[in-house]
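Novice: This is the structure I want to talk about, given as structure tokens.
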Amino acid sequence: QNEVALEEYRRVASLRDSGVASQAQLDRARLARDEASALLRSAMARMAVAHKRLNDTTILAPVAGTVDQLPFDPGERVAAGSVVAVLLADGEPWVRVWVPERAVARVHPGTPATIQIDGIPNVLHGHLLDLGREASFTPHYALTERERMHLVYQGRVEIDDAPLELRPGAPAEVRIALPPLATAEPAR
């Protein structure tokens, strides 16, 4: 509509210059052009508001995966900061581990590990994926046979041969293969 009004204004202005159209016709064409331009700006502003509302209500996943849980039903009010979806990331599954301080110097990403999960009869194999740089105290839920009050480093062990029936959140016992300690040669 804006283009039509602009073209009509140009046509009437040309006719007015030739003396064929009256000043009133030119004024009506100018008014129609200005109205069409205002309607276009208004429509563009409404479209920008609609795009902002859409962007404010659209959730994009940070990784590719499958939706596992939707804690809220459509139409429910969600408090700020609430989890609205639980996503299972594509790729190999991993297990959160805590490496004791005394072993940190002997492990690195790629160090082999074995994983035993209740309900899965065979031992699974994996490797240390990463290890945190800052120590923390052993979490109370990380039940191990060793003392629980020493510093540990959080890491992840990727499971290389995970079976299809493996479910997220299953407790696991992980053993990271530590290389032997280097022994100092006696001085001669």
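The values are calculated or read from the model by the stated rules, or taken from the named source; none is laboratory data. The structure presented is a predicted model; accordingly, all values stated were derived computationally and were not measured. We work out accessible area using only protein heavy atoms, side chains counted, and drop any ligands, DNA or RNA first. Shrake-Rupley method; radii C 1.70, N 1.55, O 1.52, S 1.80 Å.
Novice: Just the number please: accessible area per residue for the range 37-141, 1.4 Å probe, all protein chains included, in Å².
Specialist: 76
Novice: Sum -39500 (n - 2.57) across every DSSP H segment of at least 4 residues in the chain, then divide by the residue count to get the 222 nm mean residue ellipticity, nearest 500.
Specialist: -10000 deg cm²/dmol
Novice: Here's a follow-up. Taking N as the number of residues in the chain, what is its alpha-carbon radius of gyration divided by 2.2 N^0.38 Å?
Specialist: Against the empirical 2.2 N^0.38 Å value, I get 2.11 for the chain.
Novice: With springs only between Cα atoms under 10 Å, which of VAL97, VAL20, VAL152 fluctuates most in a Gaussian network model of the chain?
Specialist: VAL20
Novice: Could I ask something else about it? So which residue, out of LEU39, LEU124, LEU151, gets the largest mean-square fluctuation from a GNM of the chain using Cα contacts under 10 Å as springs?
Specialist: Residue with maximal mean-square fluctuation among LEU39, LEU124, LEU151: LEU39.
Novice: Would you please give the residues with an amide H less than 5 Å from that of ASP160, counting only those at least 5 places away or on a separate chain, with H modeled from the backbone geometry?
Specialist: HIS125, GLY126, HIS127
Novice: Still on this structure, I have one more. Reported to two decimal places, what Rg/Rh ratio describes the range 1-95 when computed on Cα atoms with Rh from the Kirkwood expression?
Specialist: Numbers: Rg = 27.0 Å, Rh = 18.5 Å.
Here Rg/Rh amounts to 1.45.
Novice: Let me test this: with uniform point scatterers at the alpha carbons of the range 58-119, what is the Debye-based log₁₀ I(q)/I(0) at q = 0.14, 0.21, 0.22 1/Å?
Specialist: -0.70, -0.98, -1.02
Novice: Given springs between every Cα pair under 10 Å in a Gaussian network model of the chain, which of ALA50, ALA177, ALA85 has the largest fluctuation?
Specialist: Largest GNM mean-square fluctuation: ALA50.
Novice: Please list the non-local residues whose amide H lies under 5 Å from the amide H of ASP130, H modeled 1.01 Å from N, same-chain partners needing a gap of 5 or more.
Specialist: Here ARG156 satisfy the definition.
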